[in-house]
Amino acid sequence: MASVASRTEPAAEAAATPRPSRLVQTSHEGFLRHARFRWLKIAAVLSLAAIVGYFAADVEPRPNGGSWYGYLLGTIGALLIVWLSLIGIRKRAMTPGKWSLKAWTSAHVYLGLSLIVVATLHTGFQLGWNVHTLAYGLMLLVIASGVFGIVVYANLPQALSNNREQMTQRQMIEAVQALDRQLQDAAQPLGRGQADLVIAALAEDPFGGGISRRLSGRYPGCATARAIEGLGLADARGAGDPASDKVVKLLIRRQTQLARIRRHLRIRALLEIWLYVHVPATFALIAALFAHILSVFFYW
């Protein structure tokens, strides 16, 4: 009896232990691939059902926003918009299972895309200069900004990590500050004109210029670059006295560190800028949606 138990216990333990490969696959599964694209399939079925229903509905000459089928699609679309807008609240509650944040985000993305089909068929392709078209346009703006957000989050985090090279933003700034202290000492023996170039580089805000400059990553008036050029050693190979050579080498190191931080800020800005469109547009969409619904019932 003991021998039988000893043979069955390892087998039971092996059966109860999850396979490592499955654990790794699950833990690294992204929200787009969640549950083998479950919500993509659901959204595809919803879109297909809306299309089939549009052509099969007994409405002459064709379904529109004022027909019974248009009201049905409008109700579905309105409920979807309200539910999708709740993801900001949902992010504050981390729970596992079928309605984990990953599952909710996956549903948010794919059901949001299905709104393009549902809402377009709801309009019956009848658009004009009114609150109804405004709501439809805002919905497309929200979806477009969301798609942009998905694209940047799928590509930019790795670029952000590669650029930092295991340094935090604070460490990168501290590296520049350390170079600035060295430059202040090294520039003491320089002539007045050369020293002024270094002083201008140290006094300049190297990250100023607003959001447009941060997004482009271009700083054409960089005082550090001007100082290197003004000292006549932009490529660090020019002949000069030892003091000038030392200052130029420090300036080139400073320029390299500034370029790293500027790339870091640019990637961070690209990761965040879409939210400044997506979130306000969502609130505007909800307001336009309620105006759309109220106007429909008022003129019904």
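Bear in mind that the values in this text are calculations on the coordinates, not laboratory data. Keep in mind it's a predicted model, so treat the numbers as computed, not measured. Cβ: placed from backbone, ideal geometry, glycine included. Neighbour counts: every protein chain shown.
Quick notes on this structure:
- Cα gyration tensor shape of the chain, rounded if a/c is under 1.5, else prolate or oblate by comparing a/b with b/c: oblate
- Two-site label geometry, Ile89 and Asp196: point separation in nm, points 7 Å out along Cα→Cβ: 6.3 nm
- Taking chymotrypsin sites (Phe, Trp or Tyr not before Pro) across segment 106-171, the ones in a DSSP loop with at most 12 further Cβ atoms lying within 10 angstrom of their Cβ are Phe125, Trp129.
- Length released on extending from Ala144 to Ala49, taking residue separation times 0.36 nm less the Cα-Cα span: 31.9 nm
- For segment 160-238, GluC sites (Glu not before Pro) meeting the loop criterion (DSSP other than H, G, I, E, B) and having at most 10 other Cβ atoms within 10 Å: Glu165.
- Restricting the calculation to Cα atoms, segment 125-253 yields a radius of gyration followed by a Dmax of 23.1, 76 Å.
- Spacing of the modelled spin labels on Glu29 and Gln182, each 7 Å from Cα toward Cβ, amounts to 5.0 nm.
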